[in-house]
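The values are calculated or read from the model by the stated rules, or taken from the named source; none is laboratory data. Quick caveat, the model's predicted, so the values are computed rather than measured. Ideal geometry is used to build each Cβ from the backbone, glycine not excepted, and the neighbour counts take in all protein chains shown. The accessibility values were calculated without ligands, DNA or RNA, using every heavy atom of the protein model including side chains. Shrake-Rupley method; radii C 1.70, N 1.55, O 1.52, S 1.80 Å.
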Amino acid sequence: MSDYRINITWLYPELLNLHGDKGNIECLRKRLEWRDIEEEVTLINSQDKLDIKSADIIFLGGGGSRETE
């Protein structure tokens, strides 16, 4: 059992999970596992109250690209 616990807070996955962001979260989880660090992923969707007090890492996906004039 690890003495460390990391909370990964993923902001707006229902809107911004466009470029393999779930894979980035899984990569973070695996790297923590290799180091025997416990982790928890907290999802905050756009309709949820934004509360990041317990966040150790805040993850925000890239979202869509658009052309500008």
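Report, ordered by the first and then the second residue, all pairs with beta carbons closer than 7 Å, sequence separation of six or more or different chains, a first member in the stretch 1-18 that is within 21 Å of residue 50 (Cβ to Cβ), and a second member that is modelled with pLDDT under 80 and open to solvent by 20 Å² or more (accessible area, probe 1.4 Å).
16/62; 18/62; 18/64
Does the stretch 1-21 hold any residues that are open to solvent by less than 100 Å² (accessible area, probe 1.4 Å), within 24 Å of residue 38 (Cα to Cα) and acidic (Asp, Glu), and which are they?
Scanning the stretch 1-21 gives a single hit, 21.
Name every residue in the stretch 24-50 that is open to solvent by 70 Å² or more (accessible area, probe 1.4 Å), outside any helix (DSSP H, G or I) and either within 16 Å of residue 7 (Cβ to Cβ) or of a type in the set (Phe, Trp, Tyr) (or both), in order of residue number.
Within the stretch 24-50, 35, 40, 43, 50 qualify.
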